[in-house]
2 protein chains.
Amino acid sequence: MRKLVVLTLIAFGFCSCYAQENSLAISLQNDSIVIASLYKSALTSSGGYDNLRELTSKAPHRLAGSEGCANGIKILFNQLKALNPDTVYLQPAMALPWLRGEKEVVYIELPKGKRILLHASALGGSVGTGLKGLAAEVVEVKSFEELKALGEANVKGKIVFYNLAMDPALFNPGEGYGRAAFQRTAGASEAAKYGAIATLVRSLTNRIDTFPHTGVMRYADTTNMIPSVAISTFDAELLSTRLKSDPTQRVFIRTTCKSLPAVVSYNVIAELKGGEKPEEIITIGGHLDSWDLGEGAHDDGVGCMHAMEVIRLFKQNGIQPKRTIRVVLFLDEETHQVGAKAYAASVKDKGEKIYVGIESDSGGGAPKGFGMSASPAQMESFRQLMGILAPYDLYQLRNGGGGVDVGFLKPLGVPTMNVLPSPHRYFYYHHSAFDTFKEIDMREVQLGCAAHAALVYLIDKYDTLGS
Amino acid sequence: MRKLVVLTLIAFGFCSCYAQENSLAISLQNDSIVIASLYKSALTSSGGYDNLRELTSKAPHRLAGSEGCANGIKILFNQLKALNPDTVYLQPAMALPWLRGEKEVVYIELPKGKRILLHASALGGSVGTGLKGLAAEVVEVKSFEELKALGEANVKGKIVFYNLAMDPALFNPGEGYGRAAFQRTAGASEAAKYGAIATLVRSLTNRIDTFPHTGVMRYADTTNMIPSVAISTFDAELLSTRLKSDPTQRVFIRTTCKSLPAVVSYNVIAELKGGEKPEEIITIGGHLDSWDLGEGAHDDGVGCMHAMEVIRLFKQNGIQPKRTIRVVLFLDEETHQVGAKAYAASVKDKGEKIYVGIESDSGGGAPKGFGMSASPAQMESFRQLMGILAPYDLYQLRNGGGGVDVGFLKPLGVPTMNVLPSPHRYFYYHHSAFDTFKEIDMREVQLGCAAHAALVYLIDKYDTLGS
């Protein structure tokens, strides 16, 4: 295949070398052959899918600082080595582990000692209840305004139940997530202000199921930290219904989660050296850590594969990038972003020029376009290239792109991008035990890998983000 | 919601009534509010999903002329009635039933009477082997050219095994399907020419699994009809591997399928009368029949829902179409298209003007655009409207659209269209026992219903396909 591509390019080049200098259109004709070849390679290789199977089966539950995470780092290091880039190395960062402890026990108290067990998971970073647990009446709210209106008189000594659903009417579920996430991230401290003793949080997913979806929460200060626990959307509906008929309904919560001392861990990094401008670096990555409930397949094992497969696809098609491609598999996106911070600090210290930061952290759905945080001129420059990606259903160019980890490069003036996958199913898996390899579609992984390779190829060749 | 939309439209209309007459852009601003409302209605209603659950659970296996099909017709008739359109009626057509009979027995013969059972399904329309079955050596081919080159000397008395895979390198799996379908549709008669006694056909799906995928086959003539059976892709790989080490490998096949006398059955039709041009008819439909192996969820229960929900969404949003919307749930797309032929004949006899034929028969994936078989001017006219659909990821406009059933309207000069769903997973389900309600995603059904409603709304309002 590689030979065929090269020959075809030579033939094209021979016929059109004069015009090519003057015409983006003709140059793009040649590129469309390269991109077709990248897609063909991706769609006929199970490399990324197989690596993801290995990662998720041998190293599930990769919360930063955990044994699973350490195993994942070893596996990814070896997988990158096998792709035979110019270099593979580890970049240290101090992980701040949090341990779930024993399985949470959360139930609705019924008369005569009966109970309805709820599907519950402590939120990441939460304190535990202590071994005895706690029980109290529950007050349901959907906003901080509602909470404030209730005030200490109605909240003190109770459990605050945040039950704002992700709005299904929003076309992009990510928007619904963004609007509802405050309950999880900041709800505990806000409730504690009014004397609440714990919070229950409706899981952030856009369907009704019995998976609790965890995720990070933060305390505004360390003086009044109360336990915070996610319950499944199914259970949130159930609890809400019961509270309507009995506002004195009590719930029991027992969690033994806790934070542990910092331990050294690592980003895993690989580089394919650039031919013309090796000092300019295309950073592309996903995060190697995951929540502890699932296998971290959609979030974000598949993002690591999207980045890693760019190396395979470039090498397989004999593409020599102008710039250095640096695959960065970030430690700890989920909690404190210590990996991303260490990477950005290193870039700054060394005065490296990062041409672009590309991140894949939205799951393994089929790609539909790109997000871009860049200047209007850079966006327009990229838009002019996008026509040749239409045969691959890559139409959308959204203003705003990148991700949490490459976001730390923004203060250094780095434009950031991401491939946009179909967003509709992502939150089914997100931060839950449902995020398993079984829920990964091989073809969609392949399409994601191809889209990332095509993106890197085009923005490198056409100096889309500056010379 | 309806009130809000109406008020907002009045407000918009008041501010812009002058400009609106002169500017498509401003008119489309108003339309974008209507379309947002259609999407909101669809994304917060489980109506189509619930109807699909009822159809697939109470009336799976809806092969034309079967009891399942008759049950499906009753259910769909009642579901349409409940949507309260202006009229619901049945249109008779003669179904030509084919019966699978007993579960097929197909195995690789091993020494000492041992066997490897294969996952197999007779192809629709095939004759059976007789109760005793048959056994013979197997010769594998991937094209009619290969078969011809082998000739009678190598084929006579044997089973021809067609093993051309759907090419995974093609971005659109439908294209791979199209290129490989000849094996299933015409392979038996071609093999019979050279004296083959039966054919095995690799299932037409783009992944390796253990589901046999059936589908229609036709005999070129009735003088030499040999049995034709699909085996799963997994088994096709297995058989191919064994044949490489032992070309004398024998396979046993026993099928008891047969064709039955014609019986009367029906298309199910509902109409919402147009306000301005009731004599012009927007035909929109899916097919109510399905293969007998699965529940006919993706193929094509969901297509029926896409069409039916247009009625609900229009009524819910107080939209009065200019033209009559006629939902046609076609009988027998899968085998002889007797429903589509009866419908087209009726249209012709009555001299009805069909403004457009829209068909949904590509599964329940999230929509990505439209296919259109129309004049260049009509396509350009539609393209100008598409901008307001970009927020819903509806970007693509493909030259060529419609479907098998509305295709019978083409000779009457009717333009045909379809919504294009994501194509990547459709063939996992297609014509197999895997096509169940469990594999349907509610949100993707909702998105499909909204896209169909938006399409009908726009092409009706803007006279896209002629006055």
Since A:Leu331 meets every condition but one in (1) over 18 Å from A:Leu96 (Cβ atoms); (2) in contact with a helix residue (DSSP H, G or I) (Cβ under 6 Å, 6 or more places away or on another chain), which condition does it not meet?
(1)
Which residues, taken from region A:135-145, are surrounded by 14 or more Cβ atoms within 10 Å (Cβ to Cβ) and of a type in the set (D, E, K, R)?
A:Glu137, A:Glu140, A:Lys142
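Residues are listed down the side, and each one gets a yes or a no for (1) assigned by TED's automatic domain parsing to the domain that holds A:Ala451; (2) surrounded by 22 or more Cβ atoms within 10 Å (Cβ to Cβ); (3) assigned to a helix (DSSP H, G or I); (4) over 15 Å from the mean Cα position of the chain (by Cα):
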residue: A:Glu334; (1), (2), (3), (4): yes, yes, no, no
residue: A:Tyr343; (1), (2), (3), (4): yes, yes, yes, yes
residue: A:Asp361; (1), (2), (3), (4): yes, yes, no, no
residue: A:Phe408; (1), (2), (3), (4): yes, yes, yes, no
residue: A:Pro411; (1), (2), (3), (4): yes, no, yes, yes
Which of the residues belonging to region B:214-259 are among the β-branched types (Val, Ile, Thr), assigned to a loop (DSSP other than H, G, I, E, B) and within 17 Å of B:Arg184 (Cβ to Cβ)?
B:Thr214, B:Ile226, B:Thr255
Out of (1) crowded, with 22+ Cβ neighbours inside 10 Å; (2) out of contact with any His (no Cβ under 8 Å at 6 or more places or on another chain), the odd one out for B:Pro261 is which?
(1)
Look through region A:281-318, keep the residues that are out of contact with any Lys or Arg (no Cβ under 9 Å at 6 or more places or on another chain) and of a type in the set (Val, Ile, Thr), and return whichever of them is nearest to A:Leu465 (Cα to Cα).
A:Val310
Search result, residues across region A:147-179 that are assigned to a helix (DSSP H, G or I) and either in contact with a His (Cβ under 8 Å, 6 or more places away or on another chain) or buried (at least 21 other Cβ atoms within 10 Å of the Cβ) (or both)
A:Leu147, A:Val155, A:Pro173, A:Gly176, A:Tyr177
Taking the options A:Phe234, A:Phe182, name whichever one is under 19 Å from the mean Cα position of the chain (by Cα), of a type in the set (A, V, I, L, M, F, W, C) and more than 14 Å from chain B (Cβ to nearest Cβ).
A:Phe182
Do you know which residues across region B:355-402 are hydrophobic (A, V, I, L, M, F, W, C), in contact with a Leu (Cβ under 6 Å, 6 or more places away or on another chain) and away from chain A (no Cβ under 14 Å)?
B:Val356, B:Leu385
The condition from (1) within 14 Å of chain B (Cβ to nearest Cβ); (2) free of Cβ contacts under 8 Å to residues at least 60 places away in the same chain; (3) not in a helix (DSSP H, G or I) that A:Ala196 misses is numbered (1)
Within region B:433-440, is there a residue that is out of contact with any Asp or Glu (no Cβ under 7 Å at 6 or more places or on another chain), within 14 Å of chain A (Cβ to nearest Cβ) and more than 28 Å from B:Ala122 (Cα to Cα)?
no
Would you check if there is a residue in region B:48-67 being over 29 Å from A:His424 (Cβ atoms), assigned by TED's automatic domain parsing to the domain that holds B:Leu389 and among the hydrophobic types (A, V, I, L, M, F, W, C)?
yes
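How many residues are over 31 Å from the mean Cα position of the chain (by Cα) and either touching a residue at least 24 places away in the same chain (Cβ under 8 Å) or under 12 Å from B:Leu200 (Cα atoms) (or both) if we restrict to region B:108-129? It would help to see each step written out before you state the result.
So the first thing to find is which residues in region B:108-129 are over 31 Å from the mean Cα position of the chain (by Cα), and the list is B:108-116.
This time we only want the ones that are either touching a residue at least 24 places away in the same chain (Cβ under 8 Å) or under 12 Å from B:Leu200 (Cα atoms) (or both), so: B:108-109, B:115-116.
So the answer is 4.
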If you check every pair at least six apart or on different chains, which have Cβ atoms under 8 Å apart with a residue in region B:21-40 that is under 19 Å from B:Glu380 (Cα atoms) first and a residue that is at pLDDT 80 or above and assigned to a helix (DSSP H, G or I) second?
B:Leu28/B:Gly387; B:Leu28/B:Ile388; B:Asp31/B:Ile388; B:Asp31/B:Tyr457; B:Asp31/B:Leu458; B:Asp31/B:Lys461
Note: among A:Val456, A:Val445, just one is away from chain B (no Cβ under 12 Å) and of a type in the set (A, V, I, L, M, F, W, C), namely A:Val456
Hits in region B:78-96 - residues which are surrounded by fewer than 19 Cβ atoms within 10 Å (Cβ to Cβ) and either of a type outside the set (Ser, Thr, Tyr) or part of a loop (DSSP other than H, G, I, E, B) (or both)
B:Asn78, B:Lys81, B:Ala82, B:Asn84, B:Asp86, B:Leu90, B:Gln91, B:Pro92, B:Met94, B:Leu96
Checking the structure you have, find out if any residue of region B:50-67 is modelled with pLDDT of 95 or more, farther than 28 Å from B:Cys257 by Cβ and polar (S, T, N, Q).
yes
Of the residues A:Lys74, A:Lys103, only one is closer than 27 Å to A:Glu333 by Cβ and either outside any helix (DSSP H, G or I) or acidic (Asp, Glu) (or both); which?
A:Lys103
Within region A:413-428, take every residue that is under 15 Å from A:Gly448 (Cβ atoms) and of a type in the set (S, T, N, Q) and give me the one that is surrounded by the most Cβ atoms within 10 Å (Cβ to Cβ).
A:Asn418
Could you give me the residue pairs with C-beta distances under 8 Å whose first residue belongs to region A:448-467 and is crowded, with 19+ Cβ neighbours inside 10 Å, whose second residue is among the polar types (S, T, N, Q) wherever it lies, and which are 6+ apart or on separate chains?
A:Gly448/A:Ser360; A:Ala450/A:Ser41; A:His452/A:Ser360; A:Leu458/A:Thr464; A:Thr464/A:Gln378; A:Thr464/A:Ser381; A:Leu465/A:Gln378; A:Leu465/A:Ser381
Give me the residue from region A:429-447 that is part of a helix (DSSP H, G or I) and of a type in the set (A, V, I, L, M) and, out of that set, surrounded by the fewest Cβ atoms within 10 Å (Cβ to Cβ).
A:Met442
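Is there a residue in region A:268-284 that is of a type outside the set (Gly, Ala, Ser), outside any strand (DSSP E or B) and buried (at least 22 other Cβ atoms within 10 Å of the Cβ)?
So far as region A:268-284 goes, no, none of its residues is of a type outside the set (Gly, Ala, Ser), outside any strand (DSSP E or B) and buried (at least 22 other Cβ atoms within 10 Å of the Cβ).
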In this structure, does B:Gly296 turn out to be in the same structural domain as B:Ile440 (by TED's automatic domain parsing), in contact with a helix residue (DSSP H, G or I) (Cβ under 6 Å, 6 or more places away or on another chain) and under 30 Å from B:Ala433 (Cα atoms)?
no
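The values are calculated or read from the model by the stated rules, or taken from the named source; none is laboratory data. Treat the numbers as computed from the prediction; the structure is a model and nothing was measured. Using ideal geometry, Cβ is built from the backbone for each residue, glycine included, and neighbour counts are taken over all protein chains shown.
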